[in-house]
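First comes the structure, then the notes that go with it.
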Amino acid sequence: MKFELRPARPADVEAIMQVMADAMANLQHPEWFVPDDAVYMAEHISGPKGFCLVAEEKTTGALAAYFTVKLAGTAPDALGWQLGMSEEELNTTAQMDSCCVAPPYQGNGLEGKLLLMAEDTLRGSRYRHLLATVHPDNAASLYTGLHRGYTIAANHVICYGDKVRDILYKELESRNTNMNTTIRAMTPADKDSVMEMMRVFYNSPAVLSNGSDEIFARDIEGCISDNPYVEGYMFEQDGAVQGYGMAAKSFSTEYGRQCIWLEDIYIKAKYRGLGIGSQFIDYITKKYPDALLRLEVEEENARAVHVYKKSGFEFFEYKEMKKE
């Protein structure tokens, strides 16, 4: 199944409430979940109290899941009070508040994808302290949080009046932390490093084709030679390789100008979320200011789609074809 992840709209409130009802009816442990009412949801669609993201199944347009973020500030029910946070810290805290996935769409990783999109939405804002709660026995939600960099900040805390919860915490890295990243041309000395990264990249869910060492070697050779059709770039910070990029040149008769294909943008896992991909897109944009930029992305790769949309990319309405 294919899903579109997007900000919720006021018109989505009724569908969101239905997703919540359907999900709760299917829960083995409904006491693990604290439901919200329609008034709360409407207040957190957008605005000063928070925001909501939804996943929409592309074929039917059905709402498959939602994810709310609460900006509680110094309100009495702010989770940060239980962690001893100062008022200054509370005002820079966002609570990953609630997520429901309708039963027919469970098993597609939508909770994790919406969580990452929520983080990307907050990144660059004043909100850098992220909190969430999970029932101590809810292994699935706990795994989702821990797998994405959250830690257990407090065990078995009383929340929401009388509910026992673990509080999870994560500090959101600013996009500005990559200011020392250097983008430079790929050289013969980078061959082994790029080959290793390409193997990881092309065996990840972000790429539909697995590729091969033979193809990777030809790609790298094109990047480090005088091939006029492809350019290779390295992303570095203080001598450490953070990732690589490849750009191919063509001409678009549809737009009557040069076309630059961003073939590969790969960032090593520990450097993701720092804005390096966006920095590379800006770099190419400035280098070829009159060119049309194009790229391919798997629609399920929510984080990449979000980054590209923020950089001004949009989906074409038609499909491409190929002949080998």
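The values are calculated or read from the model by the stated rules, or taken from the named source; none is laboratory data. The model shown is predicted, which means the values in this text are computed figures rather than measured ones. Virtual Cβ from ideal backbone geometry, glycine too; neighbours counted across all protein chains shown. Heads up: the accessible areas ignore ligands, DNA and RNA and are worked out on the full protein's heavy atoms, side chains in. Shrake-Rupley method; radii C 1.70, N 1.55, O 1.52, S 1.80 Å.
Quick one: of 287/323; 249/322; 163/310, which pairs are farther than 28 Å apart, Cα to Cα?
The pairs that break the limit, which is 28 Å between Cα atoms, are 287/323; 163/310.
Where the eigenvalues come from the Cα gyration tensor of region 231-271, what are the semi-axes √(5λ) of the equivalent ellipsoid, largest first, in whole Å?
The answer is 29, 9, 6 Å, longest axis first.
Give the peptides 34-44, 236-246 in descending order of average Cβ contacts within 10 Å, highest first.
236-246, 34-44
So what's the gap between the Cα centers of region 115-130 and region 14-88, to the nearest angstrom?
16 Å
Pull up the cross-link candidates among the lysines for residue 191, meaning alpha carbon to alpha carbon under 19 Å and not fewer than 8 places away within one chain.
268
Write down the accessible area per residue of the chain in Å², having rolled a 1.4 Å probe over the full set of protein chains. Mind dumping the intermediate values first?
On the way: 17250 Å² over 324 residues.
Dividing the accessible area of the chain by its residue count gives 53 Å².
Stretched out fully, how many nm does the piece from residue 6 to residue 210 gain, at 0.36 nm a residue minus the Cα gap? Walk me through the numbers before you get to the answer.
Values: separation 204, 0.36 × 204 = 73.44 nm, distance 2.89 nm.
Result for the pair: 70.6 nm of gain on full extension.
Using the alpha carbon gyration tensor of the chain, what are the three equivalent-ellipsoid semi-axes (square root of 5 times each eigenvalue), largest first, in whole Å?
Numbers: eigenvalues 312, 103, 66 Å².
For the chain, the semi-axes come out at 39, 23, 18 Å.
Summarise the accessible area of the chain (1.4 Å probe, protein heavy atoms) by the percent that is carbon and sulfur.
That share works out to 52 percent.
How big is the shadow of the Cα convex hull of region 191-287, averaged over all directions, in nm²? Could the numbers behind the result be given before it?
Details: hull surface 29.0 nm².
One quarter of the hull surface, i.e. the mean projection, equals 7.2 nm².
Let's see if you can work this out: charge +1 on each Lys and Arg Cβ, -1 on each Asp and Glu Cβ, no other charges. What is the dipole magnitude of the chain about its Cα centre, in debye to the nearest 20?
The calculation lands at about 500 debye.
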